[in-house]
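No value in this document is a laboratory result; all are computed from the given coordinates. Everything quoted here is computed from the prediction, not taken from an experiment. Using ideal geometry, Cβ is built from the backbone for each residue, glycine included, and neighbour counts are taken over all protein chains shown.
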Amino acid sequence: MVELKIEDLHIFYDDFHAVRGINLTVNDGEILTLLGPSGCGKTTILRSIAGFITPRKGRILLGEKDITHVPARLRDSGMIFQNYALWPHMTIEENVTYGLKMRKVPKEERHRKAMAILSQVQLEGQADKTPGQLSGGQQQRVALARALVIEPTILLCDEPLSNLDFQLRVELRTEIRHLTKKLGVTTVYVTHDQSEALAISDTIAVINAGLIEQVGTPLEVFNDPDTLFVANFVGENNQIEGQVTKLEKGLVEVKTEGGDTLTYTNLQDPFMEDTAEEGDRKSAPKLAVGDKVSIVTRYDKIFLDEKATENVLTGTIRNLAYMGTMVQVVLNLNDGSKFTVNVSENLNKVMGMGLGSTVKIHLPESACFLFKDNLRVR
Ligand SMILES: Nc1ncnc2c1ncn2[C@@H]1O[C@H](COP(=O)(O)OP(=O)(O)O)[C@@H](O)[C@H]1O
Ligand SMILES: [Mg+2]
């Protein structure tokens with residue numbers, strides 16, 4: 001098992017610059033997820049690691065070895081896909097042992113290895129069936145077994161759970177993580193689903209239009225987003241637009257488009273000069289009075305609070321949705337924009353509030369992320 005390193009990767013489809021300079025390190029035995037919307041370049045990056053696409057520029061290193069121009073069949077990567085890609089006319093065992101046969105592993109050993117890995121993915125007793133006789137979840141387990149049985153240097157997973165229903169997705173992602181950790185295989189995992197990425201990864205690289213927005217642990221990416229894009233992609237948020245009206249040492253005052261005033265005292269230094277880029281982390285912008293800023297708040301970090309006096313917005317209730325452990329309250333702010341609060345206490349009382357009634361929404365300072373353009377103001 002080894003570390004995978006990607007240096008300044010650029011990939012083109014004819015004139016189209018799909019991957020625009022990616023730097024990434026996947027540590028030995030780590031699960032790194034490429035997370036981003038459809039079309040951002042995740043599959044393209046993965047296929048270049050597998051050797052199916054040659055980059056125009058940049059290098060891919062496995063351990064000390066530069067594999068940028070090594071043919072796919074010599075890279076020893078295992079791959080699983082959204083559509084399983086099993087051979088329908090072969091038995092499960094034949095599917096799983098195909099790669100071993102190509103590698104001229106003797107029949108006895110192939111059989112032994114297939115049985116062992118099928119038991120690891122909980123498919124004992126299914127070896128003689130064909131893929132059509134198995135459920136979607138079972139077929140993906142076969143695909144996982146087929147990828148792992150060759151003891152790949154690296155495992156590449158391209159949205160492997162997207163065709164499965166919610167419960168199976170949760171079950172299988174737990175198993176994929178468990179198994180890859182147990183085997184210690186370095187894994188690059190691709191998904192557009194933020195909760196899947198948070199649950200399965202050691203590290204997440206958030207990708208937007210062929211570039212990395214942020215690399216970090218699931219906790220870092222969720223709780224400390226570097227960019228507006230990351231904040232919005234990994235959480236359920238409200239975004240309010242405003243303008244800086246006052247700037248003093250230790251204080252930033254913002255007037256929202258709805259006419260409310262929000263103040264921030266915990267920003268380290270809003271006057272800070274643009275800092276040099278460190279890896280892919282973006283530099284922090286400085287603020288000036290008159291700057292337009294965006295404020296992002298998670299639905300479940302803000303409160304309906306009639307007693308609140310500071311950092312308060314006024315809203316009119318448009319809809320109340322009871323969701324078991326919480327009530328989702330959808331409001332309109334003064335400027336007509338939509339705003340959502342997930343309330344998790346006093347649900348009976350909240351459900352009793354009338355549509356059209358006016359309430360105060362408290363936005364604690366700690367619940368707000370501030371951005372100037374796409375960059376976080378810290
Ligand atoms: N074979 C191809 N030829 C031309 N453009 C492509 C090809 N494959 C992908 N693209 C384009 O490259 C971009 C990235 O695609 P892809 O890597 O498949 O994104 P993702 O996997 O994140 O959805 C998209 O704009 C897509 O339309
Ligand atoms: Mg894709």
Next on the checklist: What does the charge count around THR325 come to, taking other residues whose C-beta lies under 11 Å from its C-beta (Lys +1, Arg +1, Asp -1, Glu -1)?
Outcome noted: -2
Next on the checklist: Please compute the modelled spin-label separation between HIS10 and VAL289, points set 7 Å along Cα→Cβ, answer in nm with one decimal.
Outcome noted: 4.4
Item to check | Calculated FRET efficiency for the pair GLU257/ASP66, C-beta based, R₀ 41 Å, to 0.05 | outcome: 0.20
Checklist entry - Once the Cα gyration tensor of the range 165-229 is found, what semi-axes does its equivalent ellipsoid get, as square roots of 5 times the eigenvalues, in whole Å, sorted largest first? => result 22, 14, 11
Item to check | Gyration tensor verdict on the range 73-112 (Cα atoms; rounded if a/c is under 1.5, prolate if a/b is larger than b/c, oblate otherwise) | outcome: oblate
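Which entries in the list LYS5/LYS338; LYS181/LYS286; LYS292/LYS360; LYS42/LYS360 go over 32 Å, if you measure between the two C-alpha atoms of each?
Result: LYS5/LYS338; LYS181/LYS286; LYS42/LYS360 exceed 32 Å.
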Next on the checklist: Straight-line reach only, C-alpha to C-alpha below 25 angstrom: list the lysines that LYS107 could link to, leaving out same-chain residues fewer than 8 apart.
Outcome noted: LYS129
Checklist entry - If you stretched the chain out fully between HIS89 and LYS360, how much longer would it get, using 0.36 nm times the residue separation minus the C-alpha to C-alpha distance? => result 91.2 nm
Checklist entry - Between LYS181 and PHE52, what is the spin-label point distance in nm, taking each point 7 Å from the Cα along the Cα→C-beta axis? => result 2.9
Item to check | Relative contact order (%) - criterion: Cα under 8 Å, at least six apart; region: the chain | outcome: 15
Checklist entry - Among THR43, LEU287, LEU331, which residue has its Cα positioned farthest towards the positive end of the charge dipole of the chain, with +1 placed on the Cβ of Lys and Arg, -1 on the Cβ of Asp and Glu, and the dipole taken about the Cα centre? => result THR43
Next on the checklist: Using the basic label-point model (7 angstrom from Cα toward the beta carbon), what is the GLU108 to ARG20 distance in nanometres?
Outcome noted: 5.8
Checklist entry - When the helices in the chain are scored as -39500 (n - 2.57) per DSSP H run of 4 or longer and the sum is shared across all residues, what 222 nm value do you end up with, to the nearest 500 deg cm²/dmol? => result -7000 deg cm²/dmol
Item to check | Total formal charge among the other residues, if their Cβ is under 13 angstrom from that of PRO37, Lys/Arg +1 and Asp/Glu -1 | outcome: -2
Item to check | Bridge type composition, the range 4-231 - antiparallel percent by DSSP, nearest 5 | outcome: 50
Next on the checklist: Using the crude model of +1 on Lys and Arg Cβ and -1 on Asp and Glu Cβ, and no other charge, please compute the dipole size for the chain relative to its Cα centre, in debye to 20.
Outcome noted: 1040
Item to check | Stretch gain in nm, segment LEU168-ASN332, where the contour uses 0.36 nm per residue and the Cα spacing is subtracted | outcome: 55.4 nm
Checklist outcome for this item: Checked the range 4-231 against the a/c 1.5 cut and the a/b vs b/c comparison, axes a ≥ b ≥ c from its Cα gyration tensor; verdict prolate
Next on the checklist: Which log10 I(q)/I(0) values does the range 237-377 give at q = 0.12, 0.13 Å⁻¹ under the Debye formula, counting every alpha carbon as one identical point scatterer?
Outcome noted: -0.52, -0.60
Item to check | Ordering of 191-202, 50-61 by burial proxy (mean other Cβ atoms within 10 Å per residue, highest first) | outcome: 191-202, 50-61
